[in-house]
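Values quoted throughout were computed directly from the atomic coordinates according to the rules given, and no laboratory measurement underlies them. Note that this is a predicted model, so its numbers are computed, not measured. Cβ: placed from backbone, ideal geometry, glycine included. Neighbour counts: every protein chain shown.
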Amino acid sequence: MEFVEETLSAALKRAEDEGAEVQCCDEAGFQVGDQIGTTHAPCGQTPVLTLPKIRIAQSMIASVTPTGELTYELYSGTMNAARFIQWLERLINESDRKIFLFIDWLSSHTAHAVSDWLAHHRDQMEVVW
């Protein structure tokens, strides 16, 4: 409740006062490993299911504004500081206003490299934890 009553309210007020854009950002990972099929075995033996050797994995990062404008990017692997900084640069390049970005405490978000990058881009972006 403290986040909604204090942090969110204060950040939204500051964003409005500064004419800034508000965005909420998060990542997700998806995996497909299909196990469709049937098995059979002679009576008294355990059926064995042969699994496909193909596993599809995809990750995504997305940012959405309160009006529903969505920016997203698909990538392979896990999120790290360098990839997150590239994402932040993309958001800045696609906006003509300062951004107040709501993010979680994922380790790639709190890395020293990200903190340093944000310190040098305070006039373009602020994060809200």
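The table below gives the values:
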quantity: Angle between the chain longest axis and helix 9-18 axis [Cα atoms, degrees, rounded to 10]; calculated: 60 degrees
quantity: Residue range of the chain that is longest and free of GluC sites (Glu not before Pro) which are both DSSP loop and sparsely packed (at most 16 other C-beta within 10 Å); calculated: 1-68
quantity: Fully extended contour minus Cα-Cα distance, from Gln58 to Met1, at 0.36 nm per residue; calculated: 17.2 nm
quantity: The stretch 34-111: trypsin sites (Lys or Arg not before Pro) falling in loop per DSSP and having at most 14 other Cβ within 10 Å; calculated: Lys53, Arg55, Arg97
quantity: Charge context of Phe102, other residues only, Cβ under 13 angstrom, K/R +1, D/E -1; calculated: -3
quantity: Computed lengthening from Asp96 to Gln31, 0.36 nm per intervening residue step minus Cα-Cα distance; calculated: 19.9 nm
quantity: Sum of -39500 (n - 2.57) over DSSP H runs of 4+, divided by residues of the chain (222 nm, nearest 500); calculated: -7000 deg cm²/dmol
quantity: Sequence of His112, His121 once ranked by neighbouring C-beta atoms within 10 Å, starting from the fewest; calculated: His112, His121
quantity: Correct option for Rg/Rh (Cα atoms, Kirkwood Rh) [calculated from the coordinates] among (1) 1.36; (2) 0.95; (3) 1.22; calculated: (3)
quantity: Folded to 0 to 90 degrees: helix 81-93 orientation relative to the chain principal axis, Cα; calculated: 50 degrees
quantity: DSSP bridge pairs, the stretch 1-127: antiparallel proportion in percent, nearest 5; calculated: 70 percent
quantity: The stretch 1-110, dipole about Cα centre (Lys/Arg Cβ +1, Asp/Glu Cβ -1), debye to the nearest 20; calculated: 700 debye
quantity: Selected from Ser63, Gly77, Gly19, residue furthest toward positive end of dipole (the chain; charges at beta carbon); calculated: Gly77
